[in-house]
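Read the structure below first, then the notes.
Quick note: the coordinates plus some simple rules give every number you see, no bench work behind them. Please read all numbers here as calculations on a predicted model, not as lab measurements. So basically every Cβ, Gly included, is an ideal-geometry build from the backbone, and we count neighbours across all protein chains shown.
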Amino acid sequence: MQELILIGLSLAVGAFWWDTTRSNEIALRYCYRLCERARVQLLDATVSRQRVWLRRKPGGGIQLCRLYSFEYSRDSLSRRFGYIVLIGREVVETRPGPHFENDTGDHETGADSGFH
């Protein structure tokens, strides 16, 4: 019986690791595109997972939520911070820091820009 529990636990850890790796890749690609569209540089070419929590799905069941932070710069001198939230593998919220502007100089908002 202990062997089955150990096998089940090992499988759960492996599944969590695989899912986390996929989510990290999704977050990084999303931040690259976000920064490219805003004509800013994603610093350190990375995102950092800050928090993981469980959330109940609308139809029942549980899913993982992940908060990632990233840093960017418009002028290579100042560092700005932003974050994105993934629920499952879907980006549901993006909050760039101050001075995150699109090509026209306007601050991006609204569903089309990916900011909620």
Expected unfolding gain across ARG56-ILE7 under the 0.36 nm per residue rule, minus the alpha-carbon gap, is 15.0 nm
Checking the stretch 1-62 for chymotrypsin sites (Phe, Trp or Tyr not before Pro) in a loop per DSSP with at most 14 other beta-carbon atoms within 10 Å yields none
Quick numbers on the stretch 37-92, Rg and Dmax over C-alpha atoms in Å, give 14.4, 47
Once phi for every residue in the stretch 73-86 is put through the Karplus expression 6.51 cos²θ - 1.76 cosθ + 1.60 (θ = phi - 60°), the whole-Hz ³J(HN,Hα) values, with Gly and Pro written as x, are 9, 8, 10, 6, 10, 9, 9, 10, 10, x, 8, 10, 10, 10
Counting only DSSP loop positions in the stretch 1-45, the trypsin sites (Lys or Arg not before Pro) whose Cβ has at most 13 other Cβ atoms within 10 Å are ARG39
